[in-house]
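Notes follow the structure.
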Amino acid sequence: MSNYAEFHRRSIEDREGFWGEQARLIDWHQPYDQVCDYSNPPFAKWFAGGLTNLCHNAVDRHLKDRADQNALIFVSTETDTEKTYSFRELHAEVQRMAAILKSLGVAKGDRVLIYMPMIAEACFAMLACVRIGAIHSVVFGGFASHSLASRIDDATPKVVISADAGMRGGKVVPYKHLLDDAIGLAAHQPAAVLMVDRGLSAWPRTEGRDVDYATLRTRELDTVVPCEWVESTHPSYILYTSGTTGKPKGVQRDTAGYTVALAASMKHIYMGKPGETYFSTSDIGWVVGHSYIIYGPLINGMATIMYEGLPTRPDAGIWWSLVEKYKVSVMFSAPTAVRVLKKQDPAFLTKYDLSTLKALFLAGEPLDEPTAKWIAEALGRPIIDNYWQTETGWPIMAICNGVEPAPTKFGSPGQAVYGYDVKLIDETTAEEITEPNRKGVIAVDGPLPPGCLQTIWGDDERFVKTYWSSIHGKTMYSTFDWGIRDEQGYYFILGRTDDVINVAGHRLGTREIEESISSHPNVAEVAVVGVADPLKGQVAVAFAVLKDPSQVATEADARKHEAEIMKVVDEQLGAVARPARVRFVSVLPKTRSGKVLRRAIQAVCEGRETGDLTTMEDPAALTQIKDLITG
Ligand code: AMP
């Protein structure tokens, strides 16, 4: 048995011993009584009885050895700003932010919603929350008012932290009116809105509610705010993700399990060392941003780069120039970003000294072979695909080079990561597939390892029903991804089993988009499917049935209507969710029982076989779509 196979075996068969060792990677205020309390499956309580603090582990504990080393490197090619914060400076800024939150009445267990662009204050805000035991919920800045309102109502934050605007491609993207609209739509009203004013966009102030960060900060310059020692199981944050219904799910993360899991992953998977620099190109609104822009690198005593801007501005060399300048040792990005770079001059990749870079990790969506090959050759560095989900918070599959170096295989995110008892399940029999190269649903036998979701915020029942009840007769976590495993235990991901799509590494629920489109007064019915796209992996395409089809009598009318519907989605959900096309049909393909045949529509759009359609009500409905696509 290889060292890694033994390492993995032990992580499952001797959970107490294995995770007890990993737990030594972090600081504890009070030791735990039990490594894993799984007396109430599928709810796992990791390190029950312990007391710790995420901010202490990310910031305070490094003051002893590396107070003057870089902790946060903020780079914006949008505003031409570059500013570094040492651990000492970060510690001071986080305390100021924590003091402001406390002055606004935020206490342990209260929620704080963070709707911010990629600026240093967003990092201070996240760390300040966990410092005082408040639970943050970061909402991606690309989401618009309806998405934001549903999250405000679900998380019921005492305070919202925002900024006047973000910037993208040289254009100012104002935030405040979207936030005001969202609060207007929401039933829950936050007591205060803390505004970071970047001087990019004027914003209307609601007296008695909106407060200015810069003003309050000057009052708290020297305030000391100690870390609140929280129980291991105390929630650190809620991060919303899309599912198969229109209602987003609040993935709830604990404190100790998450801190241990991230610390261990830095050692065994990402192999970053304290004092080095980590550069993840994601956004704090996504799970990668939480785990590998903010918490993972800082817990590991590394500097982390927070980058606001495009990968191609001022030119396609910008990321690599940062690697050279800050001696980045570990980099993390998504396949879509690489596909964007692939369209640029490859000379940009060799223009800079990348000798400090140990590996480039890619995740979030399937990594196709041509993209993997191109970047591996262009960079001359190992490219490591890793597979995980918002729910898990850290990789389910990867190559754990920190344990034992192993080769990568094109198209595979590697082997099951330690801690995950991954099973492939036959869809029809619900039996485990043990032989190689047979397709099944990727599942994980409980308990999930530390760091994974504890539950869905405020909805234990939905947690059990959604994730643990889909594999008949077994309490097993479903990833809702198809996969196969080869003879060497390498997995290959074959797409989602549900109606979740993945656009440029961003997960979107087709139902959410359908609900938004349906709110257009002329839309009677709509189906949204994910269609393969060479750049973004997948794009959303909508097929709508109109109440008054005469409005799209000509091609020009149809285009006008399409733009109008896209605007509805932009305003409600945000441009990230905007379908690439909205096509108009007279009827949707459905089964006789009335279920829309999304998979058949998708197959037609991708020019594939539709499979068995004997249950279809009206075959002409698909022909219509086929004609539209090919016409
Ligand atoms: P999210 O929760 O937004 O990170 O999306 C998670 C989903 O993205 C997974 O369930 C997969 O469908 C997909 N995904 C993430 N990483 C990979 C990968 N390395 N290869 C293939 N699909 C991936």
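If R0 equals 45 Å, the separation of the Cβ atoms of Glu564 and Val464 corresponds to a calculated FRET efficiency of about 0.65. Taking a Cβ cut-off of under 12 Å around Pro157, the surrounding Lys, Arg, Asp and Glu residues balance to a net charge of 0, with basic ones at +1 and acidic ones at -1. Which stretch or stretches of the range 380-412 have amide N atoms under 11 Å from the point lying 7 Å from Asn3's Cα along the Cα→Cβ direction? In the range 380-412, the label zone of Asn3 (backbone N under 11 Å from the point 7 Å along Cα→Cβ) covers 401-406. The alpha-carbon positions of the range 355-458 define a convex hull whose volume is 145 Å³ per residue. Scaled against 2.2 N^0.38 Å for its residue count N, the alpha carbon radius of gyration of the range 295-341 is 1.22. Could you give the distance between the Cα centres of the range 209-254 and the range 123-175, to the whole Å? Each part reduced to its Cα centre gives a spacing of 10 Å. Between Gln189 and Phe410, the C-beta separation translates, for a Förster distance of 56 Å, into a calculated FRET efficiency of about 0.60.
Running Debye on the range 455-501 with equal point scatterers at the Cα sites and no solvent, what base-10 log of I(q)/I(0) appears at q = 0.16, 0.25, 0.26 Å⁻¹? Debye output, listed in q order: -0.57, -0.96, -0.98. So for the range 1-70, what percent of the C-alpha to C-alpha distances run longer than 18 Å? Cα-Cα pairs in the range 1-70 separated by more than 18 Å: 53 percent. Ordered by the number of other Cβ atoms lying within 10 Å of each residue's own Cβ, fewest first, Asp254, Asp80, Asp481 fall into the sequence Asp80, Asp481, Asp254.
How far, in nm, would the chain grow between Glu571 and Asp80 when pulled straight, counting 0.36 nm per residue and subtracting the alpha carbon separation?
Computed gain between Glu571 and Asp80 is 173.9 nm.
Dividing the summed -39500 (n - 2.57) terms of all DSSP H runs of n ≥ 4 by the residue count of the chain sets its mean residue ellipticity at 222 nm at -8500 deg cm²/dmol.
Classify the range 527-631 from the C-alpha gyration tensor, please: rounded if a/c falls under 1.5, else prolate or oblate depending on whether a/b exceeds b/c. Oblate.
Using the Cβ-Cβ distance between Asp315 and Gln30 with R0 = 30 Å, the FRET efficiency computed as 1/(1 + (r/R0)^6) comes to roughly 0.05. Available extension along the chain between Gln344 and Arg608 is 92.0 nm, counting 0.36 nm per residue and deducting the alpha carbon span. Ranked for footprinting exposure by Cβ neighbours inside 10 Å, fewest first, His520, His29, His136 give His29, His520, His136. Ellipsoid fit via the Cα gyration tensor, the range 86-234: semi-axes of 23, 18, 14 Å, each the root of five times an eigenvalue, largest first.
What is the gain in length, in nm to one decimal, between His472 and Thr591 on full extension, counting 0.36 nm per residue of separation less the C-alpha to C-alpha distance?
On the way: separation 119, 0.36 × 119 = 42.84 nm, distance 2.38 nm.
That works out to 40.5 nm of additional length.
Measuring nothing but how far apart in sequence close Cα pairs (under 8 Å, 6+ apart) lie, relative to its length, the chain scores a relative contact order of 12 percent. With Rh defined as the Kirkwood radius, the inverse of the mean 1/r over Cα pairs, the Rg/Rh of the range 290-430 is 0.99. As a test, work out the antiparallel percent of DSSP beta bridges whose residues both lie in the chain, rounded to the nearest 5. The antiparallel proportion sits near 60 percent. Using only alpha carbons, the range 492-574 has a radius of gyration to Kirkwood radius ratio (Rg to Rh) of 1.01. Above 12 Å, the calculated P(r) of the range 567-621 contains 71 percent of its Cα-Cα pairs. Normalised by 2.2 N^0.38 Å, where N counts its residues, the alpha-carbon radius of gyration of the range 520-559 equals 1.43. The Cα-based radius of gyration and maximum Cα-Cα distance (Dmax) for the chain are 24.1, 72 Å. Over all orientations, the range 410-531 has a Cα convex hull whose mean projected area works out to 10.0 square nanometres. Peptides 52-60, 608-616 ranked from most to least packed by the mean count of surrounding Cβ atoms within 10 Å: 52-60, 608-616.
In plain terms, the residue of Ile375, Ile396 with the fewest other Cβ atoms within 10 Å comes first and the most crowded comes last, giving Ile375, Ile396. Go ahead and collect, in residue order, the members of the range 583-600 whose backbone nitrogen is under 17 Å from a label point 7 Å along the Cα-Cβ direction of Asn522. Within reach of a label on Asn522, which here means backbone N under 17 Å from a point 7 Å along Cα→Cβ, the range 583-600 contributes 583-587.
Each reported figure results from applying straightforward, stated rules to the coordinates on display, with no laboratory input. Bear in mind that the values here come from a model prediction, so they are computed numbers and not experimental data. Methodologically, a virtual Cβ is constructed for each residue, glycine included, from the backbone with ideal geometry; neighbour enumeration extends over all protein chains shown.
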